[in-house]
Amino acid sequence: MNYKILAERLLPGEYPSTESYEEKYPPRALPKGAEVTRLAPSPTGFIHLGNLFVAIANERIAHQSGGVLYLRIEDTDLKRKVEGAVEAVKNALRYFDIKFDEGAEIGGDETYAPWYQRQRAEIYRTYVKKLIEEGRAYPCFCTEEELTALREEQTAKKEVTGYYGKYARCRDLTEEEIYQKLDEGKPFVIRLRSMGDPAVKHKFHDEIKGDITVPENDQDVVILKSDGIPTYHFAHAIDDHFMRTTLVIRGEEWLASLPIHIELFEALGFGRPRYGHNCSLMKQDGETRRKLSKRKDPELSLEFYRKEGYFARAVKVYMLTLLNSNFEEWYLKNPDAPLESFKFSANKMSKSGTLFDLDKLNDISKNELAKLSAEEMCAFLKAWADEYGTDAQKGYFADGEKMLKVLTLCMGIGGKKRRKDFTTASQAMEYIKYFFERPQSHEEYRCDGETRRALLSGFLTRYDPSDDAQGWFSKVKEVAAENGFAAEMKDYKAASEAYKGSVADVAEVLRIATTGRVNTPDLWTIQQILGEEETRARLKAAQ
Ligand code: GLU
């Protein structure tokens, strides 16, 4: 068969020479050891923890080696494309402080652009044409129905499914058969003519999993679809070669396709980047562990973390804890160091499924937020409220000084011990709500209504906002004594049956009346922040 004529018939016209591409996209001038890594999401609109996991690993490996991280958009599958998805990817990764050096919607050095695969069609076709000319690729005219029937036949026979060996019907079509089908205008795809034998296995070094065994490929995979756009397999080989990627860290769902990729690089005559296949994130679900699922687990989506208002550094700390086995110990010793100063290594990444535990993340979040100053916390909450908060919540920031006082108190700043009550921005905003909105409901009082009213009115007659904390507390004691409660705890402990309760119970009534809650920081300070008018109004309303 004359492959040159066939190639011209299938992909007519002049294509640039392969040498010209090698010149156009030269090896990068980077110091020895510098890694070029990438994130290559499909614009499906769903960006998830797995993407972030891989992004952090790629970012660390690129930047700590003095290399480059770029963003490539793998938009070859139009069916899955969602409007605004690239913006969503960019925003999500920016939130987690993943800095790209170049890429789609990022800009940077244009040498290796374009970064959208659909804009690279000519490069792919050049190489498809070359493979056809060399007899390493051929047209396949099988219809969807025929392929489905083939799959069913193979499944029934318990054989490996796919287009390979004796099942690769179009692989050995004669020249006449091919031209006849082309003349009939039959649509076709281009498949790789595989030369591999899966019985032959090779040792392969995976940067994460270590030494593994990989069988040769024998699948005649589609490399160019009928619309003239390549498949992921083919496009990634071309792009990682010409964007001069040195290391591909990607999800382990791609491990099964590695034999195909190895053969494609060989067929194309390209040197291969190194690969690291990252384990999946698992969730403990009762007795079993399962992969985090898009349908069942809202925490899989990165949008979840932004909506809830997770502190980006906390999420990153947790991800690093999961990614590198020695990170936790390093972080204990260096709790305030920039995360970039941790030496990240691919070979310390987990080789099998990693357990993702939201409670653990929440603990880390509490610790991280407890490191912030009131000003930093305010900026973090405001940024969240601007995007996700209600109008009422946006209004909390109208009086900046008040907000700082609230945060100083609620975070225990300046006190003996920092409080760790905040987990996320949404939770913190709910927590501080009573400073800005009158409580609509009150947690349960532990005394009857008559006693409550007596205590509240006893306090109201004595209340003076100019009292200091001590003076204030003396008055609470007076109210206690007047109503049959022990003013001193030691008296109450000695003879609790002689009292209705203690001064602590009186303070609790005042606390619930003022804030709606049983647990709050120091009540005197809360009333100071609220001011006389508001404090009185709340105590009266609770009578
Ligand atoms: N487009 C592929 C995905 O979204 C990228 C895999 C890779 O990183 O090579 O899963």
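Okay, here's what the table says:
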quantity: Cβ-based exposure ranking for VAL189, VAL479, in which fewest neighbours within 10 Å come first; calculated: VAL189, VAL479
quantity: Computed label-point distance, nm, for sites LEU358 and GLU375 using a 7 Å Cα→Cβ extension; calculated: 3.5 nm
quantity: Segment SER17-GLN543, length gained on full extension (0.36 nm per residue, minus Cα span); calculated: 180.6 nm
quantity: Gained length - ALA312 relative to ARG118, 0.36 nm times residue gap less alpha-carbon distance; calculated: 66.6 nm
quantity: Unit charges on C-beta of K, R, D, E only; dipole of region 54-131, Debye; calculated: 420 debye
quantity: Those residues of region 266-296 whose amide nitrogen sits under 16 Å from the label point placed on VAL214, 7 Å along Cα→Cβ; calculated: 266-279
quantity: Which of ASN2, MET282, ILE229, positive extreme of dipole for the chain (C-beta unit charges); calculated: MET282
quantity: Theoretical FRET efficiency, 1/(1+(r/R0)^6), r = Cβ-Cβ of HIS202 and ARG80, R0 22 Å, to 0.05; calculated: 0.10
quantity: Rounded if a/c under 1.5, otherwise prolate or oblate - the chain, Cα gyration tensor axes; calculated: prolate
quantity: R0 of 60 Å, Cβ-Cβ distance LYS157-LYS351: FRET efficiency to nearest 0.05; calculated: 0.95
quantity: The chain - percent relative contact order, Cα under 8 Å, separation 6 or more; calculated: 12 percent
quantity: 5 angstrom amide H check on PHE344, placed H, neighbours 5+ away; calculated: none
quantity: Between region 44-68 and region 409-429, the alpha-carbon center distance in angstrom; calculated: 31 Å
quantity: Antiparallel content of DSSP bridges confined to the chain, in %, to 5; calculated: 55 percent
quantity: Placed amide H near VAL248: partners under 5 Å, 5+ positions off or other chain; calculated: ARG274, TYR275, GLY276
quantity: ASP448/PHE473 FRET efficiency (R0 30 Å; Cβ-Cβ; nearest 0.05); calculated: 0.80
quantity: Karplus-derived 3J(HN,Hα), 6.51/-1.76/1.60, for each residue of region 399-412, Hz, glycine and proline x; calculated: 9, x, 5, 5, 4, 5, 5, 4, 5, 4, 5, 5, 9, x
quantity: Net charge dipole size for the chain [Lys, Arg +1 and Asp, Glu -1 on Cβ; Debye, nearest 20]; calculated: 980 debye
quantity: Residues with amide H under 5 Å from that of ASP75, placed H, sequence gap 5 or more; calculated: GLN117, ARG118
quantity: Whole-Hz couplings from phi, Karplus 6.51/-1.76/1.60, listed for region 288-299; x for Gly and Pro; calculated: 10, 10, 9, 5, 4, 10, 4, 6, 8, 10, x, 6
quantity: Additional length obtainable on full extension of the chain from GLU145 to GLU437, 0.36 nm per residue less Cα span; calculated: 98.8 nm
quantity: Whole-Hz couplings from phi, Karplus 6.51/-1.76/1.60, listed for region 36-50; x for Gly and Pro; calculated: 10, 10, 8, 10, 10, x, 8, x, 8, x, 10, 10, 10, 4, x
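Only the coordinates and a few stated rules stand behind these numbers; no lab work does. A quick note: this is a predicted structure, and the numbers were derived from the prediction, not measured. Reconstructed Cβ throughout: ideal geometry from the backbone, glycine too, with neighbour counts over all protein chains shown.
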